[in-house]
Amino acid sequence: MTLLLGLDRTLLWLASRIMGLWVRPTPLPVDEAERLRGRGRRVLYVLDDQSLSDLIALSLVCRSIGLPGAARRFALGAAREPRAALFLERRRGWIRKRPDRRIPQRLLRIIDAALAAGDCELDLVPVSVFWGRAPAKTEGSWFRQLFREDWTLVGPFRRLLSTLVNGRRTLVRFGEPVCLADFTAPDQDARRAARRAARAMRVEFRNARAAVIGPDLSHRRTVIAEVLAKRAVRAAVALEIRDKRLSRREGLLLARRYALEIAADYSPRFVALMESLLTRVWNRLYDGVEVLHAERLELATQGAQVVYVPCHRSHMDYLLLSYVIYTRGFAVPHVAGGVNLDLPVVGRFLRKGGAFFLRRTFRGNPVYPIVFMTYLGVMMARGHPIEYFIEGGRSRTGRLLDPKTGMLTMTLRSFLADPSRPVVFMPVYFGYERLVEAKTYIGELSGRPKQKESVLGLVRALGVLRKRFGRVYVSFGEPIALAEHLARHAPAWSGTRVETRPAWLGDAVDSLAATIQARINATAAISPIGLLGLALLSAPRQAMPELELVRQLDLYRRLAARAPYSGDVWCTPLEGPAIVAYGQSMGLIEAVPHPLGPIVRMSETSAVLSAYYRNNIVHAYAFPSLLACAFLNNAAMRTEDVQRLAWRIYPYIAQELFLRWSEEEIAGVVDETLAALADLGLLERSADGGVWRRPRTGTAEAVQLSVLAHATLDVIERYYLAIALLLQAGREAITQDALENRCQQMASRMSLLYELRSPEFFDKTLFRQFLDLLRARNVIRTGPGGHLTFDEALLEVASDAQLVLSEQIRHSILQVTAG
């Protein structure tokens with residue numbers, strides 16, 4: 001190998017040409033060329049271990065993406081090197097090769113020359129080459145060991161076999177460039193600087209391997225044996241034996257049966273096979289999978305335990321996220337799924353892809369939760385990325401559901417038991433332009449019971465492969481470092497190991513869950529289908545003149561650019577006419593010819609589905625819409641009145657839609673949003689800046705403001721309905737549970753009478769959340785016998801609602817409640 005590495009540039013070029021006939025390396029990250037060019041420094045590549053095939057793979061990638069070549073001559077000061085790449089570790093010995101981890105002489109010469117010339121503007125770029133994606137197993141056959149990608153140096157024979165087998169699945173991962181000046185100082189010698197640089201490179205290589213191939217795998221039996229050997233499991237089994245008078249063998253078999261029910265059986269070969277299969281499936285189902293903010297995967301995986309926490313829209317979520325992560329060159333997470341998905345044959349395949357299963361409830365079974373939490377802790381301690389849905393189930397309305405915090409609590413307790421390894425939560429947003437489960441959701445929203453998952457149902461669902469489902473959006477939110485979150489929200493934690501459940505854990509979990517949901521919404525994708533739903537569902541009978549609809553769609557796009565919900569929100573680049581044409585091609589809307597111009601409308605079925613897609617993005621327009629509501633019933637309003645209304649209603653709608661601003665930020669957000677609405681011609685400001693006026697009635701701008709307001713008007717109507725029913729019942733006359741039931745019945749009646757197309761309008765959970773927050777803010781209280789009481793504070797809330805809602809709407813609500 002030493003002789004081969006000393007070949008002149010001509011022979012190295014020839015070897016790379018021959019190898020390039022078979023090897024197709026993929027660069028990671030995909031924007032590496034732009035990142036290095038933007039730094040404007042000379043580049044020296046640093047590879048982990050001495051390998052001609054790695055050097056050639058790097059050369060091929062550099063040529064394909066336009067980076068400076070690794071085989072070019074390198075000069076810095078007095079140093080003249082044959083290549084712009086060096087190996088951090090070499091081998092020595094003739095018969096039995098052994099690793100040589102001394103500082104490379106080439107690195108010493110370059111640093112010495114840089115110090116002598118006073119020119120340390122050089123980027124050291126760590127490069128990891130992975131021939132295949134299979135992590136090592138701690139046990140297994142010798143044949144499998146030949147082709148795995150592991151954490152050890154390999155010989156030339158095994159490297160040759162791996163190149164032949166995995167040449168077209170090779171990944172070349174570029175680490176974060178580090179300037180040589182970061183390791184040098186005026187009074188420092190070259191050897192010390194080289195040691196610091198080599199140490200930093202080794203850390204980068206270790207993190208890269210953990211991110212791409214994951215930790216070494218143990219057989220499923222080994223993991224289960226480790227779980228059963230833990231002290232907590234043994235103690236839980238001992239209690240079960242004592243309480244139920246079981247034998248020791250029966251108690252251990254019970255725990256083992258639970259562990260087998262839970263544990264994954266990850267297979268890298270199955271995952272590689274599924275990548276090829278899913279690529280075909282996605283190409284057949286979808287017009288494209290848009291991945292947004294994928295660079296955050298790189299930031300989150302730098303030596304940390306990653307926990308992916310996506311929203312849950314569809315059964316496709318499991319497959320899509322694992323597919324996106326894998327194709328971006330990162331280790332596939334182990335996914336927590338409901339035990340209802342552990343179907344015959346299907347469950348085995350899901351386990352091979354990294355799924356582990358949990359029951360919907362742990363009640364009445366003291367051993368099962370201990371086994372599950374121990375399994376989760378073992379997987380985290382081994383460094384496996386984890387994925388779970390904190391909403392518990394799929395959203396049927398398109399909005400984020402109230403989080404279920406069981407898995408979060410277990411994750412935090414596992415971290416507190418061993419806080420040495422940092423934990424990072426990665427929020428993920430899913431946006432679909434058409435759902436595979438659309439018909440099922442419509443049936444459930446209309447009152448039909450939820451269908452149980454079954455193999456027969458899966459076979460019947462294969463017919464969807466003949467349909468078109470538009471585009472899918474997968475967007476990665478801002479990562480949440482758990483240690484930093486605990487430092488802010490749990491100052492009682494000292495950063496040390498905590499074995500018992502601390503008193504502050506519940507509050508820390510609740511704040512973490514709310515932060516995750518808010519960051520999922522903060523990275524939303526505003527799709528053409530979502531905008532169509534937002535506009536047409538705000539119009540009477542879900543129909544608008546085409547010209548008016550185009551103007552409204554363009555307004556939404558301009559508003560997203562002028563007053564974006566967050567810097568991470570993506571908005572479709574299609575303009576109004578193109579969005580209308582796209583909606584027609586998807587079968588969502590139809591244009592009815594008319595002498596005065598086409599009318600665009602939705603069918604009843606499309607309107608129900610469009611409410612789902614609208615709810616995916618309604619939070620991005622919630623604040624402008626709320627301010628627009630203030631001008632539905634008022635031609636002009638003072639700034640302080642708008643501020644008061646916003647301050648009054650924001651806590652309730654922020655909880656429902658998981659908005660990202662704190663109450664202290666509201667005043668500034670109101671000012672910015674009012675200015676944006678004025679810039680777009682929807683409001684007019686007085687000369688002294690103290691009064692805001694809506695456009696003249698009948699103008700195009702007045703219509704646009706009205707349609708914008710109706711996006712959240714039903715939320716205020718729902719709140720007013722709950723308050724009206726409570727006021728009608730009187731003080732200490734009704735319990736919260738009875739009021740929730742009455743609210744749901746009245747809201748359902750209103751939706752039938754007035755053809756409301758928002759299934760969440762009569763969602764009992766939303767009424768419960770609203771009443772709970774009223775109690776938390778001391779607007780209402782629980783009196784004797786559990787009956788609700790209130791004072792002037794509730795009357796002030798009702799008064800502000802009357803200021804926003806028109807007389808017709810208020811009378812409609814009061815008429816229904818009176819009936």
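The values are calculated or read from the model by the stated rules, or taken from the named source; none is laboratory data. Note that the structure is a prediction, hence the values are computed from the model and not measured. Reconstructed Cβ throughout: ideal geometry from the backbone, glycine too, with neighbour counts over all protein chains shown. Surface areas here come from the heavy atoms of the whole protein model, side chains and all, with no ligands, DNA or RNA. Shrake-Rupley method; radii C 1.70, N 1.55, O 1.52, S 1.80 Å.
When the Karplus curve 6.51 cos²θ - 1.76 cosθ + 1.60 is applied with θ = phi - 60°, which whole-Hz ³J(HN,Hα) does each residue of the stretch 224-241 get, with x for Gly and Pro?
5, 4, 5, 5, 5, 7, 5, 4, 5, 5, 4, 5, 5, 5, 4, 5, 5, 4
Which peptide among 628-640, 493-505, 509-521 comes first, and what is the full order, when sorted by highest mean count of other Cβ atoms within 10 Å? Don't skip to the answer; put the middle values down first.
Working: 628-640: 17.5, 493-505: 11.7, 509-521: 21.1.
Output ranking for 628-640, 493-505, 509-521: 509-521, 628-640, 493-505.
Mind pulling the per residue volume of the convex hull built on the Cα atoms of the stretch 43-93? Å³ is fine.
Numbers: hull volume 4.2 nm³, N = 51.
In the stretch 43-93, the Cα convex hull volume per residue is 83 Å³.
Near the amide H of Glu433, under 5 Å away, which other amide H atoms are found, from residues 5 or more places off or on another chain, if H is placed in the peptide plane?
Those qualifying (amide H under 5 Å, at least 5 residues apart or on another chain) are Arg471.
Once label points are set 7 Å from the Cα along Cα→Cβ at both Glu672 and Glu796, what is their separation, rounded to one decimal in nm?
Modelled inter-label distance: 2.7 nm.
Once label points are set 7 Å from the Cα along Cα→Cβ at both Arg37 and Asn340, what is their separation, rounded to one decimal in nm?
5.1 nm
Relative to the longest principal axis of the C-alpha atoms of the chain, give the angle of the C-alpha long axis of helix 367-382, reported between 0 and 90° and rounded to the nearest 10°.
50 degrees
Once R0 is set to 56 Å, what does the formula 1/(1 + (r/R0)^6) return for the Cβ-Cβ distance between Leu277 and Arg644, expressed as a FRET efficiency to the nearest 0.05?
Working: r = 57 Å, r/R0 = 1.02.
Calculated transfer efficiency: 0.45.
Report, to the nearest 10°, how far helix 268-285 tilts away from the longest principal axis of the Cα atoms in the chain, using its own Cα long axis and a range of 0 to 90°.
40 degrees
Could you give the alpha-carbon Rg of the stretch 11-85 over 2.2 N^0.38 Å, rounded to two decimals?
Details: Rg = 12.7 Å, N = 75, 2.2 N^0.38 = 11.3 Å.
That ratio works out to 1.12.
In the stretch 309-353, what is the volume of the convex hull around the alpha carbon atoms, normalised per residue and reported in Å³? All intermediate terms of the calculation are to be shown ahead of the outcome.
Values: hull volume 3.7 nm³, N = 45.
Convex hull of Cα atoms, per residue: 81 Å³.
By how many nm would the segment from Ala75 to Ala561 lengthen if fully extended, with 0.36 nm per residue of separation less the alpha-carbon distance? Kindly include the intermediate steps, with their values, before the conclusion.
Values: separation 486, 0.36 × 486 = 174.96 nm, distance 4.75 nm.
This chain segment gains 170.2 nm when fully extended.
Please list Trp13, Trp570 from largest to smallest accessible area, probe radius 1.4 Å, with all protein chains kept in place.
Working: Trp13 135, Trp570 70 Å².
Final ranking, largest accessible area leading: Trp13, Trp570.
Considering all projection directions equally, how large on average is the shadow of the alpha-carbon convex hull of the stretch 461-515, in square nanometres?
Values: hull surface 28.4 nm².
Value for the stretch 461-515: 7.1 nm².
On the full set of protein chains, 1.4 Å probe, figure out the accessible area of His594 and give it in Å² to the nearest 10.
Accessible surface of His594 is approximately 100 Å².
Using the crude model of +1 on Lys and Arg Cβ and -1 on Asp and Glu Cβ, and no other charge, please compute the dipole size for the stretch 165-315 relative to its Cα centre, in debye to 20. Don't skip to the answer; put the middle values down first.
On the way: 28 positive and 17 negative charges, 191 e Å.
Using only the charged Cβ atoms, the result is roughly 920 debye.
Extending each Cα 7 Å along its Cβ direction at Leu753 and Arg269, get the distance between those two points in nm, one decimal.
If labels sit at Leu753 and Arg269, their model points lie 6.6 nm apart.
Looking at the chain, send over the antiparallel percent of its DSSP beta bridges, to the nearest 5. Show your work: numbers first, answer last.
Details: 35 of 70 bridges.
Taking every DSSP beta bridge within the chain, about 50 percent pair in antiparallel fashion.
Gap in Å between the Cα centre of the stretch 250-321 and the Cα centre of the stretch 547-604?
Here the two parts' Cα centres lie 34 Å apart.
Would you mind counting up the charge near Phe372? Only other residues with Cβ under 11 Å from its Cβ, with Lys and Arg at +1 and Asp and Glu at -1. List each step's numbers first, then the result.
On the way: positive: Arg359; negative: Glu261.
Value of the local net charge: 0.
Using the structure shown, list the pairs from Lys352/Lys452; Lys352/Lys764; Lys244/Lys452; Lys439/Lys764; Lys352/Lys404 with a Cα-Cα distance above 30 Å, or answer none. Walk me through the intermediate numbers first.
Values: Lys352/Lys452 23 Å; Lys352/Lys764 39 Å; Lys244/Lys452 33 Å; Lys439/Lys764 22 Å; Lys352/Lys404 26 Å.
Cα-Cα > 30 Å for Lys352/Lys764; Lys244/Lys452; rest within.
For helix 736-753, report the angle its Cα long axis makes with the longest principal axis of the Cα atoms of the chain; keep it between 0 and 90° and round to the nearest 10°.
80 degrees
Could you calculate the contour length gain from Ala492 to Arg685, that is, 0.36 nm times the residue separation minus the distance between their Cα atoms, to one decimal place in nm?
Details: separation 193, 0.36 × 193 = 69.48 nm, distance 4.85 nm.
Full-extension gain reported as 64.6 nm.
Residue by residue through the stretch 539-555, which ³J(HN,Hα) values in whole Hz follow from phi under the Karplus form 6.51 cos²θ - 1.76 cosθ + 1.60 (θ = phi - 60°), with glycine and proline marked x?
With the stated coefficients, the stretch 539-555 comes to 9, x, 6, 6, 9, 8, x, 4, 5, 5, 5, 4, 4, 5, 5, 5, 4 Hz.
Stretched out fully, how many nm does the piece from Arg202 to Asp507 gain, at 0.36 nm a residue minus the Cα gap? Please report the intermediate quantities before stating the final value.
On the way: separation 305, 0.36 × 305 = 109.80 nm, distance 3.89 nm.
So the extension gain works out to 105.9 nm.
May I ask what percent, to the nearest 5, of DSSP beta bridges between residues of the stretch 502-614 are antiparallel? Working shown, then result.
Numbers: 6 of 8 bridges.
Taking every DSSP beta bridge with both residues in the stretch 502-614, the antiparallel ones total about 75 percent.
Over all directions, what mean area does the Cα convex hull of the stretch 554-614 project, stated in square nanometres?
On the way: hull surface 21.1 nm².
That works out to 5.3 nm², a quarter of the Cα hull's surface.
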